[in-house]
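Take a look at the structure below.
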Amino acid sequence: MKVKTLSLLAGMLLAGSSVAMADQHPLPPDTIAKLPPQQQQCRVCHQQTTPKVYKEWARSKHAVANVRCFQCHGTLDDFHKTPPIEKCMACHYHEVETMQKKAPGMKCWTCHTPHVFQFHGDGVKNIKSAKDFNPAQY
């Protein structure tokens with residue numbers, strides 16, 4: 001009986017730890033910290049390991065707006081493979097608030113392709129560079 005209980009507890013602990021680790025970066029932060037600084041940038045690795053995802057982001061409105069990986073996914077110390085909705089709220093508070101009122105628990109990527117994210121509304125389809133966001137600044 002004790003052996004079964006211990007086995008069950010060990011299994012639960014392992015299952016719990018794998019769930020907690022499921023949203024972490026696959027490489028431990030200390031491994032990445034040992035790389036030269038220029039190789040610690042997300043794009044350096046992801047251009048090669050996940051080129052499709054990197055290209056989707058690089059061609060997105062977020063990339064044009066200078067939204068970088070860490071702003072959604074966090075740093076290595078607080079990394080999230082799937083960003084919490086609160087990260088979206090930093091820039092899109094009104095949109096997330098409206099979405100949550102209409103469909104509680106819904107996420108932006110339910111409708112929008114992650115890393116691509118297209119704008120809604122008229123006039124924004126012509127944005128091609130950062131200058132198009134606020135031409136008065138340039």
Karplus 3J(HN,Hα) series, Hz, for the range 62-78 with 6.51 cos²θ - 1.76 cosθ + 1.60 (x for Gly, Pro): 5, 5, 4, 7, 6, 8, 9, 3, 5, 5, 9, 8, x, 8, 5, 6, 9
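Count of lysine pairs in the range 21-120 with Cα atoms under 17 Å apart, counting only pairs 8 or more residues apart in sequence or on different chains?
Total qualifying Lys-Lys pairs in the range 21-120 comes to 5.
The range 14-110: which trypsin sites (Lys or Arg not before Pro) are DSSP loop and have at most 16 other beta-carbon atoms within 10 angstrom?
When the trypsin sites (Lys or Arg not before Pro) of the range 14-110 are filtered for loop state and at most 16 Cβ neighbours within 10 Å, Lys34, Arg59, Arg68, Lys81 remain.
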Quick calc: nm separation of the 7 Å Cα→Cβ label points for Thr113 and Glu95 -> 1.6
Would you kindly calculate the mean projected area, averaged across all directions, of the convex hull enclosing the Cα atoms of the range 21-120, in square nanometres? 7.1
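Laboratory data are not the source of any read-out in this text; all were calculated from the coordinates shown. None of the values given here were measured: they were computed from a predicted structure. Positions of Cβ are backbone-derived with ideal geometry, glycine not excepted, and every protein chain shown enters the neighbour counts.
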